[in-house]
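The values are calculated or read from the model by the stated rules, or taken from the named source; none is laboratory data. Predicted, not measured: the structure shown is a model, and the values here were computed from it. So basically every Cβ, Gly included, is an ideal-geometry build from the backbone, and we count neighbours across all protein chains shown. The accessibility values were calculated without ligands, DNA or RNA, using every heavy atom of the protein model including side chains. Shrake-Rupley method; radii C 1.70, N 1.55, O 1.52, S 1.80 Å.
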Amino acid sequence: MPDAIPSRRPRPLLDRAAAIALVAAIGGTLAVTLARPVEAAVPCGSGSFESWLDQFKRDAAKEGISAAAVASGLAGVTPDQAVLARDRNQRVFSQSFEEFSARMIPPRLTRGSNMMKQYGSVLARIEEKYGVPGSVLVAIWGLETDFGVNTGKFSTIRAIATLAYDCRRAEMFRGELLDALRIVERGDLSPGEMRGAWAGEIGQTQFMPSSYVKYAVDFDGNGRRDLLRSAPDVLASTANFLASSGWKRGQPWAPGSPNFAVLQQWNKSEVYARTVASFAGQLDRAP
């Protein structure tokens, strides 16, 4: 996604020590079972990147990912220093809603209105299935990538492997790397096609691989969940994410509403969620 948009990175999972303590507090056989040591994930930053990657390939195979997907997905992968530089130099998002929305909505309003017309029948079918209005989906689409124009140029697998090897958020990105390989394995995208933002977001509405695996749908019926090229797949997958996060069919999405809280599941920034809500409202009122 463009750097000016508030970050929508996945939150790290509860660490193992905290999880064991929680389970132990519950007591009983389940606590004993879950508290048993498990085979350690490949350690971050240990030794050379090449040795780390070799161990990760073995771990991926133990996770049930096919040898073909591992080989094709990780062939020739090297660390990307530009990704680490971006990760180390993230700026705090400080624009107000008025500043951000005034900069982001007006240049996209006419094209957004045209997209509402161009994909009107698709959006109607999506709303019928998932309950999410087309204006909300088109607003997100426009804000994330200018309706698919600016999806990013970083190699997704290389970027995520770099962040998984680095120790700052290693476990989170290790999971994303496994899911990136699952996307390859199920035939949605080839490794070479997977290019996006520096932190691993991919597609026209910028899904992390874990969200891609969980929420991407084949709405155009061609047998692939293609969030890079298929607008129907992009829009329906975004609707599936929102519906799965608790979107209330037929309800408003203004600040303070349950649906506004769902928009903050997409991006936790209140400024971003308010901008989506405002953009969608303007699209609904456009001629």
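Which one is surrounded by the fewest Cβ atoms within 10 Å (Cβ to Cβ), of the residues in segment 154-208 that are part of a loop (DSSP other than H, G, I, E, B), in contact (Cβ under 8 Å) with a residue 60 or more places away in the chain and hydrophobic (A, V, I, L, M, F, W, C)?
Per the criteria, the residue is 167.
Which residue out of 276, 217, 213, 234 is open to solvent by 10 Å² or more (accessible area, probe 1.4 Å), of a type in the set (A, V, I, L, M, F, W, C), at negative phi and in a helix (DSSP H, G or I)?
That would be 213, the only listed residue that is open to solvent by 10 Å² or more (accessible area, probe 1.4 Å), of a type in the set (A, V, I, L, M, F, W, C), at negative phi and in a helix (DSSP H, G or I).
One line per residue, one yes/no per condition, for (1) under 21 Å from residue 278 (Cα atoms); (2) open to solvent by less than 50 Å² (accessible area, probe 1.4 Å); (3) hydroxyl-bearing (Ser, Thr, Tyr); (4) touching a Leu at 6+ places or on another chain (Cβ under 6 Å):
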position	(1), (2), (3), (4)
83	no, yes, no, no
86	no, no, no, no
91	no, no, no, no
108	yes, yes, no, no
114	yes, no, no, no
124	yes, no, no, no
127	yes, no, no, no
142	yes, yes, no, no
145	yes, yes, yes, no
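Answer yes if at least one residue in segment 241-256 is outside any loop (DSSP other than H, G, I, E, B), open to solvent by less than 10 Å² (accessible area, probe 1.4 Å) and touching a residue at least 60 places away in the same chain (Cβ under 8 Å), and no otherwise.
Yes, there is a match, as at least one residue in segment 241-256 is outside any loop (DSSP other than H, G, I, E, B), open to solvent by less than 10 Å² (accessible area, probe 1.4 Å) and touching a residue at least 60 places away in the same chain (Cβ under 8 Å).
Please name all residue pairs, on different chains or six or more residues apart, with Cβ atoms under 9 Å, provided the first residue is in segment 262-287 and is farther than 22 Å from residue 115 by Cβ and without any contact (Cβ under 8 Å) to a residue 12 or more places away in the chain and the second residue is among the hydrophobic types (A, V, I, L, M, F, W, C) and buried (at least 21 other Cβ atoms within 10 Å of the Cβ).
Matching pairs, first to second residue: 264/273.
Just give me the residues in segment 44-90 being without any contact (Cβ under 8 Å) to a residue 60 or more places away in the chain and either in contact with a Gly (Cβ under 7 Å, 6 or more places away or on another chain) or assigned to a loop (DSSP other than H, G, I, E, B) (or both), in sequence order.
Correct list: 46, 47, 48, 64, 76, 89.
State the number of residues belonging to segment 246-286 that are touching a Ser or Thr at 6+ places or on another chain (Cβ under 9 Å) and aromatic (Phe, Trp, Tyr).
Count: 2.
For residues that are in a helix (DSSP H, G or I) and either among the basic types (Lys, Arg) or open to solvent by less than 30 Å² (accessible area, probe 1.4 Å) (or both), tally how many sit in segment 257-270.
Within segment 257-270, residues that are in a helix (DSSP H, G or I) and either among the basic types (Lys, Arg) or open to solvent by less than 30 Å² (accessible area, probe 1.4 Å) (or both) number 5.
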